[in-house]
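These notes concern the structure reproduced below.
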Amino acid sequence: MHGRPFTALGLFTALVGCSDEPAFEYDSRPIELERAPTAPGGQALGATLARVRVGSDTPSLLIDTGSLLSSLRRGVCPTATPEPVAYEGDIQLLGASGSTAPVRAWFRGITLFDLCPGTVGDADTQVAGVLGGDVLRNFSLAFVLPRAPADPNQPATMTIYSNLPASDSDLAANGYAVLKFTLRGATAAATASGSERPGLPSSRVVMRACGNPPAFAPDGPAQTCKAGEVEVQSSGSNLLLALSTGHGPLVLSASAWQRMGGQVPLPLGAGESPLYSPFVADPIPAHWVTVSRLALVDGGSGDAWPGACAELARGRRIEWTLANQDNGACFQPCDVSGGVALPAAAYVEIGSDLPAAIVSDTSDLISNLNEDFPSGAQVDGVIGTQALAGILFEIDNVSQPQGRLVAACEPGADRQTCWAAPRCVGPSAASQTQMCFGLLPRGLAPACPN
């Protein structure tokens with residue numbers, strides 16, 4: 001972010017439980033990350049990798065907010081896939097590559113699985129294990145993922161904090177979009193053989209999104225809607241996406257892509273590069289496309305939830321009215337209650353034709369995302385780190401009652417490439433003013449006649 005607000009950074013933080021509980025030690029300094037390829041033959045702007053100390057070696061460890069468990073292999077991988085074995089072990093994250101790099105975080109006595117992870121991004125990128133959501137859910141995690149390819153002067157980083165004490169209103173006043181989420185992914189403690197293993201807590205961040213909304217500019221033409229037409233006048237496709245730093249591209253189910261107007265060839269992925277996912281052992285057949293733009297949208301605007309695309313359209317109409325208020329603009333009837341504009345939900349919009357992998361609805365990846373919540377809203381795919389490049393964001397897992405994704409764009413970002421809009425609560429009286437969307441303070445605008 002533009003410097004993490006409202007925190008005094010200590011040089012060392014330790015969370016130590018009872019003797020039989022895990023102990024977490026970390027210094028809240030940036031941990032330099034390497035990047036896996038986004039796809040076979042793609043740029044190294046994909047999954048996030050950190051160096052881990054294993055004896056005298058420092059192999060790569062996948063940092064994945066979307067994986068439900070953590071693993072670290074012990075010894076050489078067997079030729080056959082064994083039943084996963086849980087053990088109590090440690091993970092030491094290093095600040096950079098090299099055997100002399102300082103230890104930035106030490107997770108002691110955590111439950112690990114003795115698994116040999118598959119490759120990530122392409123067939124040649126092998127990792128020693130995964131630091132997953134079961135551990136990461138205990139922290140607020142700040143990521144810097146530059147849009148440009150690897151630059152030693154601007155490395156990708158992750159910083160671990162115990163919390164993010166700033167309030168939603170303070171963050172919004174400083175230009176940060178705050179999007180709420182509820183963690184998902186709890187699994188039962190069972191294996192194929194029926195043996196017991198530790199159950200996994202809910203740790204997967206799932207976000208509401210609007211796929212392929214049209215481009216918008218506050219100096220463009222007005223968009224109108226009558227009362228009750230907030231959904232009718234929206235464009236794009238509503239999506240539910242898991243945030244996974246263990247994936248590079250955006251990943252969508254075939255049915256989600258078809259809702260967005262895309263075509264899926266049959267057989268899917270024939271002759272195309274597969275998707276390498278940490279969720280499954282084998283490469284996944286994929287059809288590669290581009291998504292023109294994607295908006296992550298908060299669901300708490302103060303009105304009955306009309307869907308991510310409708311909330312995005314409402315926010316854009318309210319911004320257009322505020323930007324053109326001096327020329328007599330008025331709030332549209334579908335955006336008004338009691339003569340006052342409804343709040344505009346916070347959102348983060350990403351453009352520039354995002355690479356996306358389309359996979360089957362019956363693939364192990366999509367099944368993995370939804371097996372914990374079979375009767376509820378189904379997750380449509382994954383938003384990976386390539387789509388999040390150029391966004392400075394913090395995943396606040398520890399706020400209650402909901403977690404928060406707090407985001408801003410890299411300084412100097414073009415609006416059509418990245419735009420972070422904090423929640424806007426307009427003035428309720430003529431004597432009040434409100435600053436929203438980076439505009440000068442604005443007063444109460446009238447409602448348009450229905």
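Data overview
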{"quantity": "Förster-model FRET efficiency, 30 Å R0, residue 101 and residue 170, C-beta, rounded to 0.05", "calculated": "0.30"}
{"quantity": "Label point distance in nm, residue 450-residue 371, each placed 7 Å from Cα along Cα→Cβ", "calculated": "5.0"}
{"quantity": "Region 128-179: C-alpha gyration tensor shape, a/c 1.5 cut-off, then a/b vs b/c", "calculated": "oblate"}
{"quantity": "Residue-span extension gain [residue 43 to residue 378] - 0.36 nm each, minus C-alpha spacing", "calculated": "117.6 nm"}
{"quantity": "Cα-based shape type of region 13-166, given that a ≥ b ≥ c are square roots of the gyration tensor eigenvalues and the cut on a/c is 1.5", "calculated": "oblate"}
{"quantity": "Rg(Cα)/(2.2 N^0.38 Å) for region 157-276, N = residue count", "calculated": "1.50"}
{"quantity": "Mean separation of Cα contacts under 8 Å (6+ apart) over length of the chain, as relative contact order %", "calculated": "19"}
{"quantity": "Angle between the chain longest axis and helix 308-323 axis [Cα atoms, degrees, rounded to 10]", "calculated": "50"}
{"quantity": "Pairwise label distance in nanometres, residue 183 with residue 272, each label 7 Å out on the Cα-Cβ vector", "calculated": "3.4"}
{"quantity": "Per-residue Cβ neighbour rank within 10 angstrom, fewest leading, 38, 290, 100", "calculated": "100, 290, 38"}
{"quantity": "Ascending count of other beta-carbon atoms within 10 Å, so fewest first, for 419, 106, 305, 257", "calculated": "305, 106, 419, 257"}
{"quantity": "Prolate/oblate/rounded call for region 206-421, Cα gyration tensor, a/c under 1.5 rounded", "calculated": "prolate"}
{"quantity": "Length gained when the stretch residue 352-residue 337 is fully extended (0.36 nm per residue, less Cα-Cα span)", "calculated": "1.9 nm"}
{"quantity": "Helix-only CD estimate at 222 nm, as mean residue ellipticity for the chain, using -39500 (n - 2.57) per DSSP H run (n ≥ 4)", "calculated": "-2500 deg cm²/dmol"}
{"quantity": "Measure of compaction for region 326-425 (Cα Rg per 2.2 N^0.38 Å)", "calculated": "1.43"}
{"quantity": "Residues 415, 104, 147, sorted so that the one with the fewest Cβ neighbours within 10 Å comes first", "calculated": "415, 147, 104"}
{"quantity": "Extended-chain gain in nm, criterion 0.36 nm per residue less alpha-carbon gap, residue 21 and residue 417", "calculated": "138.1 nm"}
{"quantity": "Calculated Cα extents along the principal axes in Å (choose from (i) 68, 52, 34; (ii) 71, 55, 42; (iii) 67, 48, 43), label", "calculated": "(ii)"}
{"quantity": "Cβ crowding within 10 Å averaged over residues, with 311-321, 270-280 ranked highest first", "calculated": "311-321, 270-280"}
{"quantity": "Charge sum, other residues only, whose C-beta stays under 13 Å from residue 92's C-beta, Lys/Arg counted +1 and Asp/Glu -1", "calculated": "0"}
{"quantity": "Residue 27 long-range amide H proximity, modeled H, under 5 Å", "calculated": "13"}
{"quantity": "Within region 375-395: backbone nitrogen closer than 17 Å to the residue 288 label point (7 Å, Cα to C-beta)", "calculated": "384-387"}
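Just so you know, all these numbers are worked out from the coordinates, no wet-lab data involved. Since this is a predicted model, take the numbers as computed values, not measurements. As a convention, Cβ positions derive from the backbone with ideal geometry for all residues, glycine included, and neighbour counts pool all protein chains shown.
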